[in-house]
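Let me begin by presenting the structure, written as structure tokens, before commenting on it.
The values are calculated or read from the model by the stated rules, or taken from the named source; none is laboratory data. Nothing here was measured: the structure is a model prediction, and the numbers come from that model. Positions of Cβ are generated from backbone atoms using ideal geometry, with glycine treated the same way; all protein chains shown enter the neighbour counts.
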Amino acid sequence: MTTALTLEDLPDAIGRRLGPSSWHPITQDDIDVYADLTGDDNPIHVDAEAAAASPYGGRIAHGMLTLSMVVRPLREIYRVSGAGMGIVYGYNRIRFPQAVRAGARIRVAGEVADVTEVAGGYQATLSLTFEVEDATKPAVVAELVLRHYR
């Protein structure tokens, strides 16, 4: 379910629920590519034998990889029209309560927590939860700060 807003509607969107998005897998190939790009080759991510002997019982996605997977599901649940440009301004808080096993599927849901006016547009803070299919705890809980400029 997409929450479609215009730039001028943003101040009135505080408290608006977002999503959930559809489910998206995080594959072992995604994990391996991320490990190659970042140099984070911790065995719990890339070594099947070592990961099987870990408390996770198998290879898991990097927390930062999971966080970076926000774009596709967020585009499904949050759209702002009338903006000339939008950027990720940062994060206020990030936690990784649950590991994501290779091949697991995640989805994103949340709400518009805050909107403030900035020069040339608005800053929106989205409280997001990355759910893991069939898990009791979320993979990521984060406050994403976006800026939408005219």
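Checked against the criterion of being modelled with pLDDT under 95 and surrounded by fewer than 19 Cβ atoms within 10 Å (Cβ to Cβ), the candidates ARG150, ARG95, ARG105 yield just one match: ARG150. Considering only segment 134-142, I want to know if a residue exists there that is in contact with a Phe, Trp or Tyr (Cβ under 7 Å, 6 or more places away or on another chain), of a type outside the set (Phe, Trp, Tyr) and surrounded by fewer than 18 Cβ atoms within 10 Å (Cβ to Cβ). Looking for residues that are in contact with a Phe, Trp or Tyr (Cβ under 7 Å, 6 or more places away or on another chain), of a type outside the set (Phe, Trp, Tyr) and surrounded by fewer than 18 Cβ atoms within 10 Å (Cβ to Cβ), one finds none in segment 134-142, hence no.
Of the residues making up segment 18-35, those that are touching a helix residue (DSSP H, G or I) at 6+ places or on another chain (Cβ under 9 Å) and among the charged types (D, E, K, R) are ASP30, ASP32. Would you check if PRO11 is in a helix (DSSP H, G or I), surrounded by fewer than 17 Cβ atoms within 10 Å (Cβ to Cβ), touching a residue at least 40 places away in the same chain (Cβ under 8 Å) and out of contact with any Ser or Thr (no Cβ under 8 Å at 6 or more places or on another chain)? It is true that PRO11 is in a helix (DSSP H, G or I), surrounded by fewer than 17 Cβ atoms within 10 Å (Cβ to Cβ), touching a residue at least 40 places away in the same chain (Cβ under 8 Å) and out of contact with any Ser or Thr (no Cβ under 8 Å at 6 or more places or on another chain).
Filter segment 120-150 for residues that are over 9 Å from the mean Cα position of the chain (by Cα) and farther than 21 Å from ALA13 by Cβ and give the result. Let's see the steps before the verdict.
As a first pass, look at segment 120-150 and keep what is over 9 Å from the mean Cα position of the chain (by Cα): 120-127, 131-139, 143, 145-150.
Result: GLU131, VAL132, GLU133, ASP134, ALA135, THR136, LYS137, PRO138, ALA139.
Restricting attention to segment 52-74, the residues that are within 8 Å of the chain's Cα centre (by Cα) and of a type in the set (Ser, Thr, Tyr) total 2.
So is VAL88 crowded, with 19+ Cβ neighbours inside 10 Å and aliphatic (A, V, I, L, M) or not? Working first, answer last.
On the way: crowded, with 19+ Cβ neighbours inside 10 Å: no; aliphatic (A, V, I, L, M): yes.
For VAL88, the condition - crowded, with 19+ Cβ neighbours inside 10 Å and aliphatic (A, V, I, L, M) - is not met.
Identify all residues within segment 76-91 that are of a type in the set (Ser, Thr, Tyr) and over 17 Å from the mean Cα position of the chain (by Cα); write none if there are none.
Quick first cut of segment 76-91, residues of a type in the set (Ser, Thr, Tyr) only: 78, 81, 89, 91.
Matches in segment 76-91: SER81 only.
Inspection of segment 52-61 finds no residue satisfying the criterion of being surrounded by 14 or more Cβ atoms within 10 Å (Cβ to Cβ) and either part of a helix (DSSP H, G or I) or out of contact with any helix residue (DSSP H, G or I) (no Cβ under 9 Å at 6 or more places or on another chain) (or both). Of all positions in segment 56-78, none carries a residue that is farther than 23 Å from THR129 by Cα, aliphatic (A, V, I, L, M) and modelled with pLDDT of 95 or more.
Does SER22 satisfy the condition of being surrounded by 14 or more Cβ atoms within 10 Å (Cβ to Cβ) and of a type in the set (Ser, Thr, Tyr)? When the stated conditions are applied, SER22 does not pass them. Every listed requirement among (1) surrounded by fewer than 17 Cβ atoms within 10 Å (Cβ to Cβ); (2) touching a residue at least 60 places away in the same chain (Cβ under 8 Å) is met by VAL115 save one, (1).
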